[in-house]
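The values are calculated or read from the model by the stated rules, or taken from the named source; none is laboratory data. From a predicted model like this one, the values you see are computed outputs, not experimental measurements. Here the Cβ positions follow ideal geometry from the backbone for every residue, glycine too, while neighbour counts run over all protein chains shown. Side chains are part of the model used for accessible areas, which takes the heavy atoms of the whole protein and leaves out ligands, DNA and RNA. Shrake-Rupley method; radii C 1.70, N 1.55, O 1.52, S 1.80 Å.
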Amino acid sequence: MRHIPLYLAIVLAAALTLLAGCTKNEFEVKFDLDPKVEGNYRIAYHGTSKSNSIDVDAVVPVEKGKAVVKGVTRYPTLVYIYRGGDRTPAAIFYAERGDDIEITGDSPDPRLWTIEGNDISAEWSRWRKEHAAELASPDPAAGNKAVASFVKANPKSEVSALLMLTSYDRRSDEPGFVALWNSISDKARTEEIVKLAGRSDRLTAGAEPLPAKVSTLKLHAMGDSLVEMRASAGKATLLYFRRNADLQGEADADTVKALASLGKGQIAVISFETDSIAWLMRARGDSLAKKVVNAWMPAAEASEEAIALCVPRTPWFVVAGKDGRQLYRGADREKAAREFRRLVK
């Protein structure tokens, strides 16, 4: 009998104890790879029963291509496979209790493995192998393009929803995410699927709201005053939402300063700091041009204006045309700057 490492036995024993009472709340993962494949692979998943749950994170030593792992859960779960010390999963599969998951392949790279045991995992595996190169690319656009091609061809597949929630880089393409997510059928885009992925930015299975036009904004500005910004004929609008701790904050501010020096359009820098003193200290110390409106939204993403404009986090740029329609929205300052310059040319 194959020896199970002590640390793995402890993890599985804890899971079995937590979910005791239903001995069939298990799934088995069998590695049947080429004998040349050896090494440690980390698996992580969230196991749940009616009243308990546990996060399992364990190292699986694959020896001569072989290993067997027992997973414990009553309800469906997603299992993430990591290679070595990687922080991004190389493969993900879907598992339900009673499933016998089989992993085959001749490569040490999990992206190239075939994972079967249920229809969702099999379809997911075929897609992953076909697009392994794009998924390994450091350019998020490559992976997004691969996901988009599947979603467009399979809007009624649960795999489409799972790919959007696990493999699409929303930060690099917010409009693309919203359009694709909304294109998936309601039967595939379910609350159960959303809960499986555990995404903090996807709270419901419903369609994403469309961002409102930048029509009239009442902003709390420096000097304890209210400033009203309106979309008007011939004027482009740039809104830059930020927090003091944002990475690349100085570079973002320099970009906004350069755009303000054009003397065209209207620009507002809107702080999401909860403390007005922190906002004022940053605003007063900024080298931003005076033509920029320095404003504060203490309710941050929960404010009425941010919700209407669909501002999910900071840093975030919104560029709107003269009719107030959002033409760019996202965290890429260079894309925002290009769109603003195009509008005011």
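Under a 5 Å amide H cut-off, with hydrogens placed 1.01 Å from N, Ala90 pairs with Ile81, Tyr82, Arg83 among residues at least 5 apart or on other chains.
For the stretch 80-151, trypsin sites (Lys or Arg not before Pro) are listed when DSSP marks them as loop and at most 16 other Cβ atoms sit within 10 Å of their Cβ; the list is Arg87.
With a simple spin-label model that places each label point 7 Å from the Cα along the Cα-to-Cβ direction, the separation between Asp57 and Asp32 comes to 3.2 nm. Residues Ser167, Ser303 ordered from highest to lowest accessible area at a 1.4 Å probe: Ser167, Ser303. By accessible area, using a 1.4 Å probe on protein heavy atoms only, the stretch 297-345 has 50% of its surface on carbon and sulfur.
The residues of the chain have, on average, 51 Å² of accessible surface per residue, using a 1.4 Å probe with all protein chains present. For the Cα trace of the stretch 206-345, dividing Rg by the Kirkwood Rh returns an Rg/Rh value of 0.92. Give the Rg/Rh ratio for the stretch 89-133, taking Rg as the radius of gyration of the Cα atoms and Rh as the Kirkwood radius, to two decimals. Here the Rg-to-Rh quotient is 0.95. Across the protein chains, with a 1.4 Å probe defining accessible surface, the residues His220, His46 rank His46, His220 from largest area downward.
Ile270 contributes about 0 Å² of solvent-accessible surface, heavy atoms of the protein only, 1.4 Å probe. The per residue volume of the convex hull around the alpha-carbon atoms of the chain is 161 Å³. Express in whole angstrom the spacing between the alpha-carbon centres of the stretch 115-137 and the stretch 294-345. Centre-to-centre (Cα) distance: 35 Å.
Between Val60 and Tyr41, Arg42, Ile43, the built amide H atoms are under 5 Å apart, and every one of these is 5 or more places off in sequence or on another chain.
Only beta bridges with both residues in the chain are counted; by DSSP, about 75 percent of them are antiparallel. Packing around the peptides 235-243, 248-256, taken as the average count of other Cβ atoms within 10 Å per residue, puts them in this order, highest first: 235-243, 248-256. Considering only Ala188, Ala278, Ala95, the mean-square fluctuation computed in a Gaussian network model of the chain, springs between alpha carbons under 10 angstrom, is largest for Ala278. Shown for the stretch 261-340 is the translational diffusion coefficient from the Stokes-Einstein equation, using the Kirkwood radius over Cα pairs, a temperature of 4 °C and a viscosity of 1.567 mPa s: 95 µm²/s.
Rounded, prolate or oblate: which one fits the stretch 257-300, using the alpha carbon gyration tensor with axes a ≥ b ≥ c (rounded when a/c is under 1.5, else prolate when a/b beats b/c, else oblate)? Oblate, since a/c reaches 1.5 and b/c is not below a/b. Per residue of the chain, the DSSP helices (runs of n ≥ 4 H) give a summed -39500 (n - 2.57) that works out to -9500 deg cm²/dmol at 222 nm. Taking a span of 30 Å or more along the helix axis (Cα atoms) and a mean Kyte-Doolittle hydropathy of at least 0.0 as the rule, no DSSP H helix of the chain qualifies.
Rounded, prolate or oblate, given the Cα gyration tensor of the stretch 131-204, with a/c below 1.5 counting as rounded? Verdict is prolate for the stretch 131-204. Place +1 on the Cβ of every Lys and Arg and -1 on the Cβ of every Asp and Glu in the stretch 212-315, take the dipole about the Cα centre, and give the residue among Ser261, Pro312, Ala283 whose Cα lies farthest towards its positive end. Sorting the options by dipole projection puts first Ser261. Derived scalar couplings between HN and Hα for the stretch 320-332 equal 10, x, 5, 8, x, 6, 6, 9, 9, 8, x, 9, 8 Hz in order, rounded to whole Hz, by the Karplus curve 6.51 cos²θ - 1.76 cosθ + 1.60 (θ = phi - 60°), x for Gly and Pro. Rolling a 1.4 Å probe over the protein chains gives Glu334 an accessible area of about 120 Å². Remark: for residue pairs Lys30/Lys129; Lys213/Lys235; Lys24/Lys64; Lys24/Lys156; Lys36/Lys66, the C-alpha separation exceeds 21 Å in Lys24/Lys64; Lys24/Lys156.
Charging the Cβ of each Asp and Glu at -1 and of each Lys and Arg at +1, and nothing else, the dipole of the chain about its Cα centre rounds to 1220 debye.
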